[in-house]
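Working notes, beginning with the structure itself.
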Amino acid sequence: MLRESPRAPTPQEFSQSAAESDGYELAAAQDALAQSRNAQVRKFAEQMLADHAKTAQALRDAAVVSGLEPPKPHVGGDQMRFLASLQSLRGFDFDAEYARQQVLAHTSALTAMRSYAAKGSDPNLRSAAASAVPIIEHHLEMARQLKQALGGA
């Protein structure tokens, strides 16, 4: 999840936080493909791998244009706890927790991306954030549908 704070993040802080979000999404999707036998979960995970590889690249490209060190997707502290709890589960419990985490992760990412797109100090990163918003909105809707299909409220 992207870290949100009362002050606007610096461009480097934003790019690192977004890279952590992408890193979590990529790692969780890989776990889902390894663990789940549910066709809906697997299809969602495949979509996350494809889309988050693209958003991660767009973020790196924007950072380079802005003269920042390009962030690499990686899993941060909060995301590590989410992944650890996910990796300890099997079967339906894994699927349900994956869907729940995806709703939380995409809700957080959407808030942070919208905020940076509106108020961020770096125009290249603002543009990358704005471009990511409709993708994240779509992912959030997909995650909600997956969670509902798996019996979550």
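Pairing each residue of the stretch 41-53 that is modelled with pLDDT of 95 or more with any residue that is surrounded by fewer than 16 Cβ atoms within 10 Å (Cβ to Cβ) and not aliphatic (A, V, I, L, M), provided the two are 6+ apart or on different chains, yields C-beta distances under 8 Å for Ala45/Gln30; Leu49/Gln30.
Residues of the stretch 139-153 that are in a helix (DSSP H, G or I) and under 10 Å from Arg100 (Cα atoms): Ala143, Arg144, Leu146, Lys147, Gln148. Summed over the stretch 21-51, residues that are surrounded by fewer than 23 Cβ atoms within 10 Å (Cβ to Cβ) and either closer than 20 Å to Ser121 by Cβ or touching an Asp or Glu at 6+ places or on another chain (Cβ under 6 Å) (or both) total 2. How many of the residues in the stretch 104-127 are out of contact with any Phe, Trp or Tyr (no Cβ under 9 Å at 6 or more places or on another chain) and closer than 14 Å to Thr55 by Cβ? Matching residues across the stretch 104-127 total 6.
The rows are residues; the columns are (1) within 11 Å of the chain's Cα centre (by Cα); (2) surrounded by fewer than 16 Cβ atoms within 10 Å (Cβ to Cβ); (3) within 21 Å of Ser17 (Cα to Cα); (4) charged (D, E, K, R).
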| residue | (1), (2), (3), (4) |
| --- | --- |
| Phe92 | no, yes, no, no |
| His106 | yes, no, yes, no |
| Leu110 | yes, no, yes, no |
| Arg114 | no, no, yes, yes |
| Leu125 | no, no, yes, no |
| Ala130 | no, yes, yes, no |
| Ile135 | yes, no, yes, no |
| Leu146 | no, no, no, no |
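Listed here are the residues, each with its yes/no results for (1) in contact with a Cys (Cβ under 6 Å, 6 or more places away or on another chain); (2) under 18 Å from Ser17 (Cα atoms); (3) among the aliphatic types (A, V, I, L, M).
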{"site": "Glu46", "(1), (2), (3)": "no, no, no"}
{"site": "His52", "(1), (2), (3)": "no, yes, no"}
{"site": "Val75", "(1), (2), (3)": "no, yes, yes"}
{"site": "Arg81", "(1), (2), (3)": "no, yes, no"}
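Residue check: is Ser121 farther than 16 Å from Asp22 by Cβ and touching an Asp or Glu at 6+ places or on another chain (Cβ under 9 Å)? Spelling it out, it is not the case that Ser121 is farther than 16 Å from Asp22 by Cβ and touching an Asp or Glu at 6+ places or on another chain (Cβ under 9 Å). The set of residues from the stretch 63-73 being in a helix (DSSP H, G or I) and within 13 Å of Asp22 (Cβ to Cβ) comprises just one member, Ala63.
The values are calculated or read from the model by the stated rules, or taken from the named source; none is laboratory data. Only a predicted model underlies this, so the values are computations on that prediction, with no experimental measurement involved. Note that we place each Cβ from the backbone using ideal geometry, even for glycine, and neighbour counts take in every protein chain shown.
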